[in-house]
Amino acid sequence: MDSFPFYTMDDFEFSGKRVYLRVDINSPINPITGEIVDDTRFKHYLDTINELKNAMVVIVAHQGRPGDSDFVSLKQHARHMGRLLGREVKFVDALIGTGAEKAIKEMKNGDIIMLENSRFYSEEVVVKDDIASQENTHIVRNLSQFFDYYVIDAFPAIHRGQTTLTGFRNVAPNIAGRLMESEIKNINRFMNSKIHPKLAIMGGAKVGDAIKVSKPFLEKGIVDDIIFGGVAGNIFLWASGVDIGKRNKEFIAKQDKNYKYLLEECRKLLDKFKEHIYLPEDFLLNPSQTEIKLGETVPDNELLADIGLNSVKKFSEVIDKARSIFLNGPMGMYEVSEYSLGTREIFNAISQSNASKVVGGGHTINAINEFGLSTSMGYISTGGGALINYLSGEPIPVIESLVKNKEKFGGN
């Protein structure tokens, strides 16, 4: 049985209690219709909510960021969650104030309400990582009078020390929900596993994230080998002295203003772990759809849009030997069918592997769903930035808050 340094839902009886439930159902929104495009995150919370069926549950969540097109009310989210649960989820168009207070006070066992988008309130996004300041907000002062327990289940947001996530640390028991528990259990299992060879496959366009995770993976021996593809593979090739072409260099520089520092980090990793790092050796170019091998000149107007068949073969052989795999990021511009073959073949190889698997990242999950591989990819994490920060060993405000809460309240 897994043991955690914080409370889980096994530690308490919730029947007849009033429960604050912080989730992360931040979802893609159609900018024209305003409809929720993908409800994957909603479905991850059904177990937690159903387990609280005899409690009075108040759901708190956020959607988008101020100024973005998806910064919308949660009214539609409440309706959609109700459809998935087969129960009414009453929407309250405020987070705090008399309307919210009245709705919470009038709840009966089995009732569920969802409060308004927490990021509509500046106290949510402005006051960060300072518990004293958070406790002095209207959010905490208003809501702290109502709840017996605070279930914090917003794993994709654990790297953000925001008021609705950590501000109730000293008020009453803060408890990891079932999603949080599952995420941490499965990620820790991969990181601590003694089953080798362990392989990480890092792709996508977020080169900073790829390097951030790869450094501790290799230096701490968490994995034996790393395959790099996509833009992450391109920056390692650039660091190794390969001329990746003008457009590809410009793309990396535009993606991350610290690209010179990242290039130096790549060089250090290559110097120290060259035999454990696998890079592409052929490509498909965009827009010409020309195949090109490593060492051949990349025209200034072309992007390295996908890995080629030689790279697929080489990477697949490494995947076939692995007994434990972590995947984050596609091999190229998989969204365009002409450049999806590399990602599709590598993801197919992973799906057919008997290795234990952990998969994360929005584009990765999108590609997995598009290729129809979701049932054969092991554990699929909901985290993006949260997963990267956790794997890289950075401090995680929400987990630290949960640990300190258990230390304060000390028992059931």
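The values are calculated or read from the model by the stated rules, or taken from the named source; none is laboratory data. As the structure is a prediction and not an experimental result, all values here were calculated from the model. Using ideal geometry, Cβ is built from the backbone for each residue, glycine included, and neighbour counts are taken over all protein chains shown. These accessible areas exclude ligands, DNA and RNA; they are computed on the full protein's heavy atoms, side chains included. Shrake-Rupley method; radii C 1.70, N 1.55, O 1.52, S 1.80 Å.
Sorted by accessible area (1.4 Å probe), largest first, how do D10, D38 line up?
Sorted descending by solvent-accessible area, the residues read D10, D38.
Quick check on packing: order 255-267, 172-184 by the mean number of other C-beta atoms within 10 Å, highest mean leading.
172-184, 255-267
Give me the log10 of I(q) over I(0) for the stretch 205-329 at q = 0.15, 0.22 Å⁻¹, as the Debye formula computes it from C-alpha points; what are the numbers?
Taken in order of the listed q values, log10 I(q)/I(0) reads -0.67, -1.40.
Mean separation of Cα pairs under 8 Å and 6+ residues apart, divided by the residue count of the chain: what relative contact order is that in percent?
Averaging sequence separation for qualifying contacts and normalising by length gives 16 percent for the chain.
Of the peptides 374-383, 328-337, how do they stack up when ordered by the mean number of other Cβ atoms within 10 Å, highest first?
By packing density, highest mean first, the sequence is 328-337, 374-383.
Points 7 angstrom from Cα along the Cβ direction at L46 and D300: gap in nanometres?
Those two pseudo-labels are separated by 5.5 nm.
If a paramagnetic tag sat 7 Å from the Cα of S144 along the Cα-Cβ line, which residues of the stretch 90-116 would have the backbone N under 17 Å from that point?
Flagged as within label range: 96-97.
Highest first, please rank the peptides 238-247, 205-214 by the mean number of other Cβ atoms sitting within 10 Å of their residues.
My ranking of the peptides, most packed first, is 205-214, 238-247.
Just the number please: accessible area per residue for the stretch 67-127, 1.4 Å probe, all protein chains included, in Å².
Per residue, the stretch 67-127 has 50 Å² of solvent-accessible surface.
Fully extended, how many nm does the chain gain between E219 and N366 (0.36 nm per residue separation, minus their Cα-Cα distance)?
Going from the current span to full extension adds 49.9 nm.
Among I36, I131, Q76, flag the residue with its Cα farthest along the positive direction of the charge dipole of the chain, charges on Cβ as +1 for Lys/Arg and -1 for Asp/Glu.
Towards the positive end, the residue furthest out is I131.
Straight distance only, please: which lysines reach the Cα of K249 with their own Cα at less than 17 Å, same-chain residues fewer than 8 apart left out?
Candidates past the 8-residue exclusion: K206, K257, K260.
Mind putting a number on the dipole of the stretch 47-111 about its Cα centre? Charges go on the C-beta only, +1 for Lys and Arg and -1 for Asp and Glu, and I need it in Debye to the nearest 20.
Computed about the Cα centre, the dipole is about 180 debye.
Can you give the FRET efficiency to the nearest 0.05 for A172 and D320, using r as the Cβ-Cβ distance and R₀ = 45 Å?
The value I calculate is 0.35.
Using the Karplus equation 6.51 cos²θ - 1.76 cosθ + 1.60 (θ = phi - 60°), what ³J(HN,Hα) coupling, rounded to whole Hz, does each residue of the stretch 320-337 give in order, writing x for Gly and Pro?
After applying 6.51 cos²θ - 1.76 cosθ + 1.60, I find 4, 8, 6, 10, 8, 10, 10, 10, 8, x, x, 8, x, 7, 4, 5, 9, 4 Hz.
Two decimals is fine: what's Rg over Rh for the stretch 269-340, C-alpha atoms, Kirkwood radius as Rh?
Dividing the radius of gyration by the Kirkwood radius yields 1.00.
Using the crude model of +1 on Lys and Arg Cβ and -1 on Asp and Glu Cβ, and no other charge, please compute the dipole size for the stretch 256-412 relative to its Cα centre, in debye to 20.
840 debye
Once phi is turned into ³J(HN,Hα) by the Karplus curve 6.51 cos²θ - 1.76 cosθ + 1.60 with θ = phi - 60°, what whole-Hz value does each residue of the stretch 145-151 show in order, with x for glycine and proline?
7, 9, 10, 7, 9, 10, 8
Would the stretch 148-189 count as rounded, prolate or oblate if I go by the C-alpha gyration tensor, calling it rounded below 1.5 in a/c and otherwise prolate when a/b exceeds b/c, oblate otherwise?
Judged from the Cα gyration tensor, the stretch 148-189 comes out oblate (a/c at least 1.5, b/c at or above a/b).
Identify all lysines with a Cα-Cα distance to K108 below 22 Å; exclude those on the same chain that are fewer than 8 residues away in sequence.
Straight-line reach from K108, under 22 Å: K17, K53, K75, K90.
Skipping prolines and chain starts, which residues have an amide H placed within reach, meaning under 5 Å, of the one on L327, given they are 5 or more residues away or on another chain?
Sorted by chain and number, the residues that satisfy this are I201, V358, V359, G360.
Work from the charge dipole of the chain (Cβ charges, +1 for Lys and Arg, -1 for Asp and Glu, about the Cα centre) and give the residue of I252, P395, L143 farthest towards its positive end.
L143
Can you classify the stretch 121-186 as rounded, prolate or oblate using the Cα gyration tensor, where a ≥ b ≥ c are the square roots of its eigenvalues, rounded means a/c under 1.5, and otherwise it's prolate if a/b beats b/c and oblate if not?
Oblate shape, in that a/c is at least 1.5 and b/c is the bigger or equal ratio.
Collect residues whose amide H, placed 1.01 Å from N in the peptide plane, falls under 5 Å from the amide H of M114; neighbours closer than 5 in sequence don't count.
I59, K90, F91, V92
So for the chain, taking the charge dipole from beta-carbon charges (+1 Lys/Arg, -1 Asp/Glu), which of G329, A200, F155 sits furthest toward the positive end?
So the residue furthest toward the plus end is F155.
Rounded, prolate or oblate: which fits the stretch 110-250 when a ≥ b ≥ c are the square roots of the eigenvalues of the alpha-carbon gyration tensor, with rounded for a/c under 1.5 and prolate only if a/b beats b/c?
Verdict is prolate for the stretch 110-250.
Per residue and in Å³, how big is the convex hull formed by the alpha-carbon atoms of the chain?
148 Å³
Give me the dipole magnitude in Debye, nearest 20, for the stretch 256-334 about the Cα centre, with unit charges on the beta carbon: positive for Lys and Arg, negative for Asp and Glu.
420 debye
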